[in-house]
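A quick write-up on the structure given underneath.
Please treat every number below as a calculation from the coordinates, not as lab data. None of these values were measured; they are calculated from a predicted model. All Cβ positions, even for glycine, are placed from backbone atoms using ideal geometry, and neighbour counts span all protein chains on display.
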Amino acid sequence: MADVVGIICEYNPFHEGHAYQLKEAVARTGAGAAVCVMSGDFVQRGEPAIMSKWIRAKAAVAGGADLVIELPFLFACNNAEWFARGAVRILDGLAVVGALSFGSETGRGEEIYAAAAHMVSNPAFEAAVRAHMQQGVSYPRARAAALREVGGPKAARAVRGPNDSLAAEYCRQLIQSKSRMEICAVQRLAGVPTASEIRGRMQEAGEGTVYPEQILPLLAYRLAEAARRGAPLSGILSATEGLENRLAAAVRKAGSYEEAVRLTKSKRYTRTRVCRLMIHTLLGITKADAAAADGALYARVLAFSEKGAALLKRIRKAGGQMPVFTNASKVQGLTENQRRLLAIDALAADLYRVLSKGALGGFDDTKRNPNSA
């Protein structure tokens, strides 16, 4: 039994299936409160969230969450390993979370955890991943093939679905960090529209705030300006093996965002990898930024319930190593790398504001307080 259960999420947007998982996570773990670590204005797949982090955080609290913490941009808009690492470390750093719950296609948490154990304990796993990638396949496919080789068909089947695959990364991080958090897999509710389907309907109805297509004009200018200056893009996060040059050529040729993605992606580089490179390029996020961010986490609160307010006090009394704050403009005692990470969050929020409103108009994300929208 866990007193507090943690959930790693994006809620893009929050829907009935998410509310079901929250309810089940609390019930199955016996938790008195639920803490969510949620992506900010840009999500793991490399696209802007359809609604701002503030709106999505409030929706989460209305749907059963007690405390919503932002996953910093450099972890949220990154590959599954980084996404999982940042979120698990934040939950562990709060020093009160006893269980991690995640959505799952199968609901077989023990099998997912066992598959993750193969990734951590078998030295042949990483070598197998590299060998498959050298054959020109994407990392997700290489990982699946490597897991089949070191763990057998059962391990490969355990992480076949997208939610189970991401859950395996959560478990991998739990094992590597020697976390005491237990796991609670909640099988996805059948018959509920997916977040992707809901986003499509919202876009058709003009109900969303920001759509990926809005990125292309700014990105085209950013790449053109870099080319004029002769500035290399190889240092940009997600750029590798000339993918950045392939993107630049595609953006110059394409007439739409989707065409630019299609012209850039390949058998080796997935759509999500290309989309993340687009955002990283637009914001100027570098590999050096990522290196500095690793280990420089904090917990910025976006929203909380009445129960969450009491939980915040308890977290602060617990004396964990994770800085926890509600106002980013007043926080003190952060390291240089934490301040660097926070500045990137603010830059990402500025970009989202420009995409959604067309101008900043005095906007300052660092001064916003929880439960605002």
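For region 212-291, give the magnitude of the charge dipole about the Cα centre (Cβ charges: +1 Lys/Arg, -1 Asp/Glu; no others), in debye to the nearest 20.
260
Put one equal scatterer on each alpha carbon of the chain, apply the Debye formula with no solvent term, and list log10 I(q)/I(0) at q = 0.06, 0.11, 0.12 1/Å to two decimals.
-0.22, -0.77, -0.93
Suppose we look only past 26 Å in the calculated P(r) of region 142-292. What percent of the Cα-Cα pairs does that tail hold? Before the final figure, lay out the partial values.
Values: 5306 of 11325 pairs.
Tail of P(r) above 26 Å: 47 percent of Cα pairs.
Tell me the net charge near Ala49. Cut-off is 13 Å between Cβ atoms, Ala49 excluded, with +1 for each Lys or Arg and -1 for each Asp or Glu.
Net of charged neighbours comes to +1.
So how strong a dipole does the chain carry about its Cα centre when Lys and Arg Cβ are +1 and Asp and Glu Cβ are -1, to the nearest 20 debye?
Once rounded to the nearest 20, the dipole reads 460 debye.
Over region 224-334, what is the mean sequence separation of C-alpha contacts under 8 Å (at least six apart), divided by residue count, expressed as relative contact order in percent? Don't jump to the answer; show the numbers that get you there.
Details: 78 pairs, mean separation 25.4, N = 111.
That works out to 23 percent.
Based on the Cβ-Cβ distance from Ala62 to Ala310, what FRET efficiency comes out when R0 is 22 Å, to the nearest 0.05?
0.75
Compute the convex hull volume of the Cα atoms of region 1-154, divide it by the residue count, and report the result per residue in Å³ as a whole number.
Convex hull of Cα atoms, per residue: 123 Å³.
What FRET efficiency would be calculated for the residue pair Val137, Asn245, taking the C-beta separation as r and a Förster radius of 22 Å, to the nearest 0.05? Numbers along the way, then the final one.
Numbers: r = 21 Å, r/R0 = 0.96.
That pair, Val137 with Asn245, gives E of 0.55.
For a label point 7 angstrom out from the Cα of Ala227 toward its Cβ, which stretches of region 233-255 have the backbone nitrogen within less than 16 Å?
Under cut-off, by backbone N: 233-234, 243-255.
Over the chain, what is the relative contact order in percent, taking alpha-carbon pairs closer than 8 angstrom and at least six residues apart?
23
Using 24 Å as the Cα-Cα cut-off, could you pick out the over-long pairs in Lys154/Lys267; Lys23/Lys367; Lys253/Lys287; Lys53/Lys330; Lys58/Lys367; Lys253/Lys357?
Lys154/Lys267; Lys23/Lys367; Lys253/Lys287; Lys253/Lys357
Could you give the length gained on full extension between Lys23 and Ser234, defined as 0.36 nm per residue of separation minus the Cα-Cα distance, in nm?
Length gained, Lys23 through Ser234: 71.5 nm.
Excluding Glu105 itself, what net charge comes from residues whose Cβ is under 12 Å from its Cβ, given Lys and Arg +1 and Asp and Glu -1?
Net of charged neighbours comes to +2.
Using the Kirkwood formula over every pair of different C-alpha atoms, what hydrodynamic radius in Å results for region 212-291? Don't skip to the answer; put the middle values down first.
Values: mean 1/r = 0.0809 Å⁻¹.
For region 212-291, inverting the mean 1/r across all distinct Cα pairs yields 12.4 Å.
Give me a comma-separated list of calculated 3J(HN,Hα) values for region 149-157, in order, Karplus coefficients 6.51, -1.76, 1.60 applied at θ = phi - 60°, integers in Hz, x for any Gly or Pro.
6, 8, x, x, x, 5, 5, 5, 5
In whole Hz, what ³J(HN,Hα) sequence does region 211-217 give by Karplus (6.51, -1.76, 1.60; θ = phi - 60°), x for Gly and Pro?
3J(HN,Hα) across region 211-217, in whole Hz: 10, x, 4, 6, 6, 4, x.
Based on the alpha-carbon set only, what is the convex hull volume of region 96-180 divided per residue, in Å³?
Cα convex hull per residue, to the nearest whole number: 86 Å³.
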